[in-house]
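First the structure, in the form of structure tokens, and then the observations on it.
Quick note: the coordinates plus some simple rules give every number you see, no bench work behind them. Keep in mind that this is a model prediction, so the values were computed, not measured.
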């Protein structure tokens, strides 16, 4: 029985036209990145788990794809436990563990024997590792863009995949809020050029969230609050309040928190109201001032202050952003990022501040595809002309014609089989190839080939040099 081909859950194939459309998105991003002075970077698909673990919070760590060690890793684990057991058995008081086994080895202790590497969860942590390892080769501030796939062991659903691409732009080595302004304008330029102007760019600040945590509970509760309210859009207020109550918050504290998060009005009015609430919080007021400075330089962008924006990743320390598209069935996040002041410190390189953003390529593609936003001229092949040979002798002339066309930088291909003209033109029409050169016995004798415009249905007889000149013009 033949094996039925399947895909791993949360992954997808991309056909030729899909790849062309995705490249259109990525090329648009690259052009904008380069306009703002960003340089390209690539890092390996796999990283050491010591690089990845502990950077994304408890929930993020649970979504890491871990790679099994090569070789007989179970035997290595057995040798390790046997060694411990041999040492323990020398003790006259040696006895089985409470579970009844001679030795209990928890998952954390066993993991290095089973897995030492994992697939990258995002591009930011590998970027931090890179700049730490190459600190003496880098010109500071270092501005890089990176477009590569990442993997998360999440539950697959519409618009959410286990393998997906991120398109990142980061600036390391500067604390200036000019960096935040540049990145917000990059979002604006990319989405405008893609025709996706119906977006909302949400802006908040971790310092503001720290001030809110101080007022509501304590600054130590910042992590708990951030992780909880990061789910507000997905699960609603009631579920978030239940989670906070489970973690020791009181009803009054929850009500105070949701009261602050519901502050409304213009951006300026929201900040003024929050300033009154956080008047006793130095860090909260600093966050408000940072937001005001960024807003001043981004008046031409659709920015909305949203205090419920938390982005649960633990490494953010300043401004945080998230872009949500408002049209179509997905209405989901298509980008996000923020300031991180301490990320490289965990790699032994303190004092490097950075800020970065990420584009959700797969969600952008899904939205553009659903709303028919791709340019109509995009096609799976770049071939401009198909050479159709009507006989074996014509095939020789066709090969010569294709060589001349390609030498003149005209994308061309020769239909590889001698078949009826209709069959060959069906191939050209299916791939939206705009021109065909037809070579039969008459064309061989006269030296003039038939150039057919497949879009207009017109044709003319020309020598190959004139065909090349016409196709190039």
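Sorted from largest to smallest, which semi-axis lengths in Å does the alpha carbon gyration tensor of the chain give for its equivalent ellipsoid, taking the root of 5 times each eigenvalue?
They are 54, 34, 20 Å, listed largest first.
Helix 267-277 against the longest principal axis of the chain: what's the angle in degrees, Cα atoms only, rounded to the nearest 10?
So the inclination is approximately 10 degrees.
Round to a whole angstrom and tell me the spacing of the C-alpha centers of the stretch 343-379 and the stretch 442-473.
A separation of 45 Å, based on Cα centres.
Going by alpha carbons, how many degrees (0 to 90, nearest 10) lie between the helix axis of 178-193 and the longest principal axis of the chain?
40 degrees
Nearest 500 deg cm²/dmol is fine: what mean residue ellipticity at 222 nm does the chain get from its DSSP H runs of n ≥ 4 alone, each adding -39,500 (n - 2.57), divided by its residue count?
Calculated from helices alone, the mean residue ellipticity at 222 nm is -13000 deg cm²/dmol.
Taking N as the number of residues in the stretch 325-473, what value does Rg over Cα atoms divided by 2.2 N^0.38 Å take?
Ratio of Cα Rg to 2.2 N^0.38 Å: 1.70.
Show me the three semi-axes of the equivalent ellipsoid for the stretch 218-307, from the C-alpha gyration tensor (sqrt of 5 times each eigenvalue), largest first, rounded to whole Å.
Listed largest to smallest, the semi-axes of the stretch 218-307 are 25, 15, 11 Å.
Could you work out how far helix 16-35 tilts from the main Cα principal axis of the chain, as a 0 to 90 degree angle to the nearest 10?
60 degrees
For a test of the definition: using alpha carbon positions, the gyration tensor, and the 1.5 limit on a/c, classify the stretch 385-472 as rounded, prolate or oblate.
Rounded.
Give me the distance between the Cα centres of the stretch 137-177 and the stretch 248-296, rounded to whole Å.
Between the Cα centres of the stretch 137-177 and the stretch 248-296 lies a distance of 29 Å.
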